[in-house]
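Structure first, commentary second.
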Amino acid sequence: MFESLSDRLTSSLKDLRGKGKLSPADIDATCREIRLALLEADVALPVVREFIKNIKERAKGAEVSGALNPAQQVVKIVNEELIGILGGETRRLNLAKTPPTVIMLAGLQGAGKTTLAGKLAVWLREQGHTPMLVACDLQRPNAVTQLKVVGEQAGVPVFAPHPGASSAGEAQGAGVGDPVAVARAGVEEARTKVHDVVIVDTAGRLGVDEVLMQQAADIRDAVQPDEVLFVLDSMVGQDAVSTADAFREGVGFTGVVLTKLDGDARGGAALSVRQVTGRPIMFASTGEKLGDFDVFHPDRMSSRILG
Ligand code: GDP
């Protein structure tokens, strides 16, 4: 994870080691290197600009303190600024005062929503919850089956329309073609069967499209989720910015889940998305297995990047 960014950043900071006092020229040179490292990592330009501006100001204004040498002080500043752009504090899941808590997943097809539904369910169960999944991706022929498989692996029930059901009221309470009715019926089912968290999987397309957005917005209006999580494939780099913008405008979301971090050497999406959307990164997915998942900790991520 983030190997190339980590290598570049640590080598940018290496040149400062052993220097007794840093001149403004030293700081400028280091900031140029950091800037290049971030651009190579595909971090969005406004985020890079802000980051460099902050580092420069703080490094030039830093008093030489007893405990840290100048190089260590710059590393400390970079670390703190990295934690800042990654969101600062870990943001906890917002749970409904009256259960069930409804969590809706949104994102492009292939981002990892269905896999995430299973991971989140396992994680929630470990926290003492009794989650249930609702299959509202009725666009892709195999999506419902895939969610059922994930549910089985995770050991959590999946609410889905019966194959062949044709109108609301059939199946487990909802028509096969109407994701809004399925979502509504799913939440109702959770209420009667005392599942305290409902995870609603929604349809994704390969690109952003209006029909998809409208459908997601309709589901949102119908079930009034406590959290809408935007699921983002971190491998897309700063393309994340335009996709996230489209989802923010079309559906709105309360938090971000970064997926496929295990394959992301650069970190551009991870470092851009918080700043450009103003929404916290809440969870990280780091592999295909159900256990490859954790709460996102900005401080741990920054330490990892800085080695
Ligand atoms: P959806 O279309 O958004 O529901 O995406 P899926 O859950 O079907 O995931 C698409 C592909 O990405 C599948 O092959 C998953 O196994 C894979 N995948 C999902 N999350 C991760 C992850 O964190 N790391 C890796 N390496 N693969 C992932």
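The values are calculated or read from the model by the stated rules, or taken from the named source; none is laboratory data. Given the structure is predicted, the values throughout are model-derived calculations rather than measurements. Cβ sites come from the backbone with ideal geometry, for glycine too, and all protein chains shown count toward neighbours. Calculation scope for accessible area: heavy atoms of the full protein, side chains included, ligands and nucleic acids excluded. Shrake-Rupley method; radii C 1.70, N 1.55, O 1.52, S 1.80 Å.
Points to keep in mind about this one:
- Of the numbered criteria (1) touching a Pro at 6+ places or on another chain (Cβ under 9 Å); (2) within 21 Å of PRO298 (Cα to Cα); (3) free of Cβ contacts under 8 Å to residues at least 24 places away in the same chain, the one ARG35 fails is (1).
- Filter result for ILE219 (more than 16 Å from the chain's Cα centre (by Cα), buried (at least 24 other Cβ atoms within 10 Å of the Cβ), closer than 25 Å to LEU147 by Cβ and β-branched (Val, Ile, Thr)): yes
- For segment 12-28, a residue qualifies if it is closer than 21 Å to GLY307 by Cα and either in contact (Cβ under 8 Å) with a residue 12 or more places away in the chain or outside any helix (DSSP H, G or I) (or both), and the qualifying residues are SER12, LEU13, ASP15, LEU16, ARG17, GLY18, LYS19, ILE27.
- Residue under evaluation ARG58, criteria (1) surrounded by fewer than 20 Cβ atoms within 10 Å (Cβ to Cβ); (2) within 16 Å of the ligand (Cβ to nearest atom); (3) charged (D, E, K, R), criterion not met: (2)
- Here VAL228 does not qualify as β-branched (Val, Ile, Thr), within 14 Å of the ligand (Cβ to nearest atom) and not in a helix (DSSP H, G or I).
- Residue selected from segment 110-141 under the condition more than 9 Å from the ligand (Cβ to nearest atom) and over 21 Å from ASP196 (Cβ atoms), by the criterion surrounded by the fewest Cβ atoms within 10 Å (Cβ to Cβ): PRO141
- Condition met for THR101 (within 16 Å of the chain's Cα centre (by Cα), of a type in the set (Val, Ile, Thr), more than 11 Å from THR202 (Cβ to Cβ) and surrounded by 22 or more Cβ atoms within 10 Å (Cβ to Cβ)): no
- The set of residues in segment 21-52 being open to solvent by 60 Å² or more (accessible area, probe 1.4 Å) and either small (Gly, Ala, Ser) or within 20 Å of ARG266 (Cβ to Cβ) (or both) consists of ALA25, ARG32, GLU33, ARG35, LEU36, LEU39, GLU40, LEU45, PRO46, ARG49, GLU50.
- Every residue from segment 273-284 that is free of Cβ contacts under 8 Å to residues at least 60 places away in the same chain and either of a type in the set (A, V, I, L, M, F, W, C) or open to solvent by less than 40 Å² (accessible area, probe 1.4 Å) (or both): VAL273, THR277, GLY278, ALA284
- Filtered by the rule that a residue be over 19 Å from SER4 (Cα atoms) and either open to solvent by 20 Å² or more (accessible area, probe 1.4 Å) or aliphatic (A, V, I, L, M) (or both), segment 285-298 gives GLU288, LYS289, LEU290, GLY291, ASP292, PHE293, ASP294, VAL295, HIS297.
- Selected residue [within 12 Å of the ligand (Cβ to nearest atom) and outside any helix (DSSP H, G or I)] from GLY252, GLY287: GLY287
- Residues in segment 227-272 that are open to solvent by less than 40 Å² (accessible area, probe 1.4 Å) and hydroxyl-bearing (Ser, Thr, Tyr): 4 in all.
- Looking across segment 255-275, the residues that are of a type in the set (Lys, Arg) and either closer than 18 Å to GLY88 by Cβ or away from the ligand (no atom under 13 Å from the Cβ) (or both) come down to ARG266, ARG274.
- Going through (1) outside any loop (DSSP other than H, G, I, E, B); (2) under 20 Å from the mean Cα position of the chain (by Cα); (3) among the acidic types (Asp, Glu) one by one, ASP42 falls short only on (1).
- With respect to the conditions (1) under 23 Å from the mean Cα position of the chain (by Cα); (2) open to solvent by 20 Å² or more (accessible area, probe 1.4 Å); (3) farther than 18 Å from ALA96 by Cα, GLN224 lacks only one, and its number is (3).
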